Amino acid sequence: MAWLSGYPREKIDWFPTIDPEKCLKCGMCMNCGKAVYDWTEDGARVGRPYACIVGCSTCANLCMGKAISFPDIETVRAIYKKEKIWTKVKKQLKEEGKLKTGKSE
């Protein structure tokens with residue numbers, strides 16, 4: 001996956017947390033393209049936290065009750081900087097032909 005370029009997903013604590021007090025059971029989070037959530041009679045629960053795409057917070061942005069939260073993105077950015085993940089991602093994208101090399105590099 002180009003987002004991490006070989007860095008273990010399990011080493012990045014980026015996944016949603018649901019505040020059950022705020023959950024309106026609207027089901028919006030069940031639209032997650034990575035099927036992170038399971039639906040229960042009490043509403044959604046995070047069933048597959050590490051399936052969540054690092055940096056994505058669409059579910060939290062669309063949650064009617066504002067019940068979904070994520071860790072501070074700066075923690076993730078610090079890992080990307082320390083582990084040089086941005087450089088590795090760019091290299092991988094070039095190898096996959098998704099970025100074209102040009103004179104401006």
Quiz item: Once the Cα atoms of helix 85-95 and of the chain are each reduced to a long axis, what angle between those two axes, in degrees from 0 to 90 to the nearest 10, is obtained?
Solution: 70 degrees
Practice problem: Can you send over the carbon and sulfur percentage of the accessible area for the chain, probe radius 1.4 Å, protein chains only? | Solution: 54 percent
Practice problem: Relative to the longest principal axis of the C-alpha atoms of the chain, give the angle of the C-alpha long axis of helix 73-82, reported between 0 and 90° and rounded to the nearest 10°. | Solution: 30 degrees
Quiz prompt | Loop-located GluC sites (Glu not before Pro) in the range 6-63 whose Cβ has at most 16 other Cβ within 10 Å (DSSP) | solution = GLU21, GLU41
Self-check item: Accessible surface, 1.4 Å probe, highest first, among residues TYR7, TYR50, TYR37
Solution: TYR50, TYR7, TYR37
Self-check item: Cysteines having no other Cys beta carbon under 4.7 Å from their own, within the chain
Solution: CYS23, CYS26, CYS32, CYS52, CYS56, CYS63
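Here are some pairs, LYS11/LYS94; LYS66/LYS90; LYS22/LYS81; LYS34/LYS98; LYS66/LYS100; LYS11/LYS90; which of them have Cα atoms lying more than 28 Å apart in this structure? The partial results should precede the final answer.
Numbers: LYS11/LYS94 25 Å; LYS66/LYS90 34 Å; LYS22/LYS81 34 Å; LYS34/LYS98 22 Å; LYS66/LYS100 40 Å; LYS11/LYS90 20 Å.
Violating the 28 Å limit, Cα to Cα: LYS66/LYS90; LYS22/LYS81; LYS66/LYS100.
Could you calculate the FRET efficiency of LEU24 with ARG45 from 1/(1 + (r/R0)^6), where r is the beta carbon distance between them and R0 is 25 Å, rounded to 0.05? Display every interim value, and only then the final one.
Numbers: r = 15 Å, r/R0 = 0.59.
Efficiency for this residue pair is about 0.95.
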Quiz item: Roughly how many Å² of LEU93 are accessible to a 1.4 Å probe, to the nearest 10?
Solution: 40 Å²
Self-check item: Å² per residue, accessible surface of the chain at 1.4 Å
Solution: 71 Å²
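The values are calculated or read from the model by the stated rules, or taken from the named source; none is laboratory data. Note that the structure is predicted; figures quoted are calculated from it, not measured. Glycine gets a Cβ as well: all are built from the backbone with ideal geometry, and neighbour counts include every protein chain shown. Heads up: the accessible areas ignore ligands, DNA and RNA and are worked out on the full protein's heavy atoms, side chains in. Shrake-Rupley method; radii C 1.70, N 1.55, O 1.52, S 1.80 Å.
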